[in-house]
Number of protein chains: 2
Amino acid sequence: MEQKAPRRRGRPPAFDRESVVAKAQRVFWREGPAGASLDSLAEATGLHKPSLYAAFGGKSGLYSAALDAYIESGAPDVRQALARAPLRKALEAFFEADLDVFCGPEDRRGCFLIGTAIEAAAGDPAIRVRIDAVLTGLRRTLGARIASAAAEGELAVADVEAATEIVYATHVMLAVEARAGTARVELRKRLGRILDLLDGLAGA
Amino acid sequence: MEQKAPRRRGRPPAFDRESVVAKAQRVFWREGPAGASLDSLAEATGLHKPSLYAAFGGKSGLYSAALDAYIESGAPDVRQALARAPLRKALEAFFEADLDVFCGPEDRRGCFLIGTAIEAAAGDPAIRVRIDAVLTGLRRTLGARIASAAAEGELAVADVEAATEIVYATHVMLAVEARAGTARVELRKRLGRILDLLDGLAGA
DNA sequence: GTGATTATGTACTAGATAGTAGAGAAATCG
DNA sequence: CGATTTCTCTACTATCTAGTACATAATCAC
């Protein structure tokens, strides 16, 4: 689609944009969008403030780039996890991916979207719209996967909507609990109970 | 237990502590603990900064008082809602109380505990401990109510733990979605689906 | 009333923070 | 090479924020 480098004119940037965004993302994730200062972001990324300004247009632009990166990196994982069969395996993979993101490598991370974007959304309607789009999209994706399981006879069709809501609510609960500091093993236990109940719907 | 006024010595305070905390709570709720400035808190409460300091010892003390007030005001409502029978009515009342708190009177409030305390917890381990205690207590309370329903034969005993997790996850989901701006009617619809499914467990 | 005590309100300080100016460095182009 | 363009980096500014000093006002004890 696009050539790798259109050969820009002056001095080339000394940093890799993606890795700068990744480093900034870690800071935003830990401190929150309000708590992360430009100085700490500059230190973490190795860039100086004027370079951050030139590249991202300020703190909000940098946060926005971090949010984009989070959304774009997450989507394929969700798709891949849900592609499995049967439904139980798909949901197990989906939630295990959740835990991978929410519980590590730093402590009390939670979901970047649920944990920090909602905070940022208070002051920025554009962020609000994007959160809404992503969360709505996730709910729809989950719903479609569960509906297809019902079509395959894995689940009573009447329970599709309820099961979707439960899976989505579980996702949100995991994000919040991980942020609050609940241990991964504990979350996996809770998760298992919910999955067992959903599984029971198939057998009934 | 305690006399109303032990007759203090000097000039009496010109404010009512409870109503000051309530006004500060609204600001913290809207702006978050980091985003709320002492100046805005002073303006909202009608007190001046030195009075706030004398009465609460600074911003974190005021936030702590607001958190206490939230916790103390919420507990009786939960107890009262869950006291109903059968389980379905109890849960409906519980969630309707949730929506009362999360959806009004201002826009996008969500849960004070889940929405703002987790943000504050990053910097203050004492807050973290309190959040954990309250959320764990809520899970236990819900679990006890559901277990008693199972004992009455309203629910299969095997499903008690799973149902507890689902109800708790739903509570968290409502808090987050309300904060993100999802409308109350939409939330009530989702809620209904989950309650219907849980109800179905009784009939099966 | 007089003095002690506690609250209020203005005006301040010290520090942090977002954002910027401007000199200098590294690359391309001719 | 010299001119131009783009990035880097030190140093700065203007603003905001938490917290405080101090003078004043209101109440109590006697």
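Since every read-out is calculated from the coordinates, none of them should be taken as a lab result. Nothing here was measured: the structure is a model prediction, and the numbers come from that model. All Cβ positions, even for glycine, are placed from backbone atoms using ideal geometry, and neighbour counts span all protein chains on display.
Counts of other chain beta carbons within 10 angstrom of each beta carbon in peptide A:166-179 average 6. Each label was represented as a point 7 Å from its Cα along the Cα-to-Cβ direction; for A:VAL129 and B:ARG8 these points are 5.1 nm apart. Relative to the longest principal axis of the Cα atoms of chain B, the long axis of helix B:59-82 makes an angle of roughly 30 degrees.
Panel order for A:ASP199, A:ASP16, by other beta carbons found within 10 Å of each beta carbon, from fewest to most: A:ASP16, A:ASP199. Seen from a random direction on average, the alpha-carbon convex hull of segment A:139-197 projects onto 4.1 square nanometres. Label-to-label distances for B:ASP107 across copies, nearest first, come out at 3.8 nm, using points 7 Å from Cα in the beta-carbon direction. Please label the shape of segment B:1-120 as rounded, prolate or oblate, based on the square roots a ≥ b ≥ c of the eigenvalues of the alpha-carbon gyration tensor (a/c under 1.5 means rounded; beyond that, a/b larger than b/c means prolate, else oblate). It comes out oblate by the Cα gyration axes. When the charge dipole of the protein assembly as shown is built from unit charges on Cβ atoms (+1 for Lys and Arg, -1 for Asp and Glu) and taken about the Cα centre, the candidate among B:VAL167, A:VAL167, B:GLY181 whose Cα reaches farthest toward its positive end is B:GLY181. Of the residues B:ALA97, B:THR45, B:SER60, the one whose Cα sits farthest towards the positive end of the charge dipole of segment B:27-112 is B:ALA97 (charges of +1 on Lys and Arg Cβ, -1 on Asp and Glu Cβ, taken about the Cα centre).
Can you give the percent of C-alpha pairs in segment A:79-128 whose distance is more than 17 Å?
Numbers: 631 of 1225 pairs.
The answer is 52 percent, as a whole percent.
Placing a label point 7 Å from the Cα of A:ARG184 along the Cα-to-Cβ direction, the distances to the matching points in the other copies come to 4.1 nm, shortest first. Going from the residue with the fewest nearby Cβ atoms within 10 Å to the one with the most, B:VAL21, A:VAL134, B:VAL176 rank A:VAL134, B:VAL21, B:VAL176.
Here segment A:10-52 yields Rg over Rh of 1.00, to two decimals, using C-alpha coordinates and the Kirkwood radius.
Computed over the alpha-carbon atoms, chain A gives an Rg to Rh ratio of 1.05, Rh here being the Kirkwood radius from the mean inverse distance. For the peptide A:132-140, the mean number of other protein chain Cβ atoms found within 10 angstrom of a residue's Cβ is 1. Label-point distances for B:GLU18 to the equivalent site in the other copies, using a point 7 angstrom along Cα→C-beta, read 5.9 nm when ranked shortest first.
Exposure proxy shown here: for B:ARG190, B:ARG9, B:ARG84, the number of other Cβ atoms within 10 Å sets the order, fewest to most, as B:ARG9, B:ARG84, B:ARG190. Only Cα pairs under 8 Å and 6+ residues apart enter the sum, and on that basis the relative contact order of chain B stands at 20 percent. Pairs with C-alpha atoms separated by more than 20 Å, drawn from the list A:LYS189/B:LYS189; B:LYS23/B:LYS59; A:LYS59/B:LYS49; A:LYS189/B:LYS89; B:LYS23/B:LYS49, are A:LYS189/B:LYS189; A:LYS59/B:LYS49; A:LYS189/B:LYS89.
Based on the alpha-carbon gyration tensor of the protein assembly as shown and its eigenvalue square roots a ≥ b ≥ c, which shape applies: rounded if a/c is under 1.5, prolate if not and a/b is larger than b/c, or oblate?
Taking the square roots of the gyration eigenvalues as a ≥ b ≥ c, the protein assembly as shown is oblate.
The three principal axes of the C-alpha atoms in segment B:57-108 carry coordinate ranges of 46, 24, 10 Å, sorted with the longest axis first. Counting 0.36 nm for each residue step from A:VAL185 to A:ARG17 and taking away their Cα separation leaves a gain of 56.9 nm. Loop-located GluC sites (Glu not before Pro) in segment B:91-129 (DSSP state not H, G, I, E or B) with no more than 12 neighbouring Cβ atoms inside 10 Å: B:GLU106. Based on the alpha carbons, how large is the Rg to Rh ratio for segment B:64-154 when Rh follows Kirkwood? Dividing the radius of gyration by the Kirkwood radius yields 1.02. As I understand it, the value is the acute angle between the Cα axis of helix B:160-180 and the longest principal axis of the Cα atoms of chain B; what does it come to in degrees, rounded to 10? In chain B, helix B:160-180 runs at an angle near 50 degrees to the longest axis. Using only the alpha-carbon atoms, how far is helix B:17-35 inclined from the longest principal axis of chain B? Give it as 0 to 90 degrees, nearest 10. On a 0 to 90 degree scale, this one is about 80.
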